[in-house]
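*Asks:* Here you go, one structure.
The values are calculated or read from the model by the stated rules, or taken from the named source; none is laboratory data. Model, not experiment: these values are computed from the prediction. Every residue, glycine among them, receives a Cβ derived from its backbone with ideal geometry; neighbour counts consider all protein chains shown. Please note that ligands, DNA and RNA were not included when accessible areas were found on the heavy atoms of the full protein model with its side chains. Shrake-Rupley method; radii C 1.70, N 1.55, O 1.52, S 1.80 Å.
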Amino acid sequence: DGYRQALHSALWTRADGHKLLVVISEKTVDGDLQQEIVCYDYNPADRILTPDLIVYKQLTTALANAGNHYLILPRDDKDVKMPAKSYDGNSNFVIKWNGQGFTKPVPVK
C-alpha cells in the first residue's frame with residue numbers, strides 16, 4: 001500500500017564514560033521518507049537517561065542544511081551516513097563521531 005515503518009537505534013560510548021543513544025523512527029508514505037530523531041545521554045553512575053539536545057540539534061541541523069537527505073545509523077563503525085534521497089552518489093555526506101558528539105557533515109568522496 002506504499003506505507004512502511006522502521007525503528008533504528010545506535011549506542012556510542014563517550015569519552016567521559018556516558019553513553020549516547022540515538023533512535024530514529026522512520027516511515028515511508030507513497031515514496032516519501034520521513035524521519036523523527038531522539039537523542040539521549042545515559043549516565044551510568046546514577047543510571048539516569050536524559051535528552052541530549054546538543055546532539056539532537058547537530059543531527060537535525062545537518063539534515064536541514066543538506067536538503068533532501070536522510071540519516072543511516074552505523075552498524076559496524078561510529079559515523080552516521082547521510083545519503084541523498086534521490087540516490088545521487090555525488091551528494092552523500094558522513095557525520096563523524098568525535099568521542100563526545102558529532103562533527104559537521106563532510107562529503108563522501
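*Asks:* Helix-derived [θ] at 222 nm for the chain: sum -39500 (n - 2.57) over DSSP H runs of at least 4, divide by residue count, nearest 500?
*Replies:* Value at 222 nm, helices only, nearest 500: -4000 deg cm²/dmol.
*Asks:* Could you check the spin-label model distance between His18 and Val108? Points 7 Å from the Cα along Cα→Cβ, value in nm.
*Replies:* Placing both labels 7 Å along Cα→Cβ, they lie 2.9 nm apart.
*Asks:* What's the angle, to the nearest 10 degrees (0 to 90), between helix 53-66's Cα axis and the longest principal axis of the chain?
*Replies:* Taking Cα atoms only, the helix is inclined about 20 degrees.
*Asks:* When the expected Rg is taken as 2.2 N^0.38 Å, what fraction or multiple of it is the alpha-carbon Rg of the stretch 1-63?
*Replies:* Relative to the rule-of-thumb radius for its length, the stretch 1-63 sits at 1.34.
*Asks:* Quick check on my link table: of Lys19/Lys96; Lys19/Lys81; Lys19/Lys78; Lys19/Lys109, which ones sit more than 18 Å apart, alpha carbon to alpha carbon?
*Replies:* Those over the limit are Lys19/Lys81; Lys19/Lys109.
*Asks:* Which value in nm describes the separation of the simple spin-label points at Leu73 and Leu7, placed 7 Å from the Cα toward the beta carbon?
*Replies:* 1.0
*Asks:* Which label marks the calculated value of Cα extents along the principal axes in Å, given the options (i) 52, 30, 20; (ii) 45, 35, 24; (iii) 39, 35, 21?
*Replies:* Structure-derived value, by its label: (ii).
*Asks:* Could I ask something else about it? Using a 1.4 Å probe on the protein chains only, how many percent of the accessible area of the chain belongs to carbon and sulfur?
*Replies:* 53
*Asks:* How long is the gain from Thr60 to Asn98 if the chain were fully straight, where each residue apart is worth 0.36 nm and the alpha carbon distance is subtracted? Mind showing how you got there, number by number?
*Replies:* Details: separation 38, 0.36 × 38 = 13.68 nm, distance 1.74 nm.
Full extension from Thr60 to Asn98 adds 11.9 nm.
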